[in-house]
Amino acid sequence: MSSALPPSVEQVLEALQQAVSAELERKRRLGHYTVTWQNGQPVLEGPDAPRTEG
């Protein structure tokens, strides 16, 4: 399957994905919560995540 992105853009995208994955893993190891986006809403995950009322 061929990508429509130029190789330089693919390299940047891959570097960003690796950086995010590494940071999420670091936060997991340290016990810090993470914020991700799902279904148009921010999701706070982790044992120390602030509770949201709503």
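The values are calculated or read from the model by the stated rules, or taken from the named source; none is laboratory data. Fair warning: this is a prediction, and the values are worked out from it, not measured in the lab. Glycine also receives a Cβ, built like all others from the backbone with ideal geometry; neighbour counts cover every protein chain displayed.
Structure above, values below:
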item	result
Among (1) modelled with pLDDT under 95; (2) outside any strand (DSSP E or B) - the single one Thr36 does not satisfy	(2)
Odd one out for Val43, checked against (1) in contact with a strand residue (DSSP E or B) (Cβ under 9 Å, 6 or more places away or on another chain); (2) of a type in the set (A, V, I, L, M); (3) assigned to a loop (DSSP other than H, G, I, E, B)	(3)
Which numbered condition Ser3 misses (of (1) at pLDDT below 90; (2) touching a Leu at 6+ places or on another chain (Cβ under 8 Å))	(2)
Val12 being of a type in the set (Val, Ile, Thr) and either at pLDDT below 95 or surrounded by fewer than 11 Cβ atoms within 10 Å (Cβ to Cβ) (or both)	no
Failed item, numbered, when Ala49 is tested on (1) touching a Phe, Trp or Tyr at 6+ places or on another chain (Cβ under 6 Å); (2) of a type in the set (A, V, I, L, M, F, W, C); (3) at pLDDT 95 or above	(3)
Pairs where the first residue, in segment 25-54, is touching a residue at least 12 places away in the same chain (Cβ under 8 Å) and surrounded by 10 or more Cβ atoms within 10 Å (Cβ to Cβ) and the second is of a type in the set (Asp, Glu) and assigned to a loop (DSSP other than H, G, I, E, B), C-beta under 9 Å, 6+ apart	His32/Asp48; Tyr33/Asp48
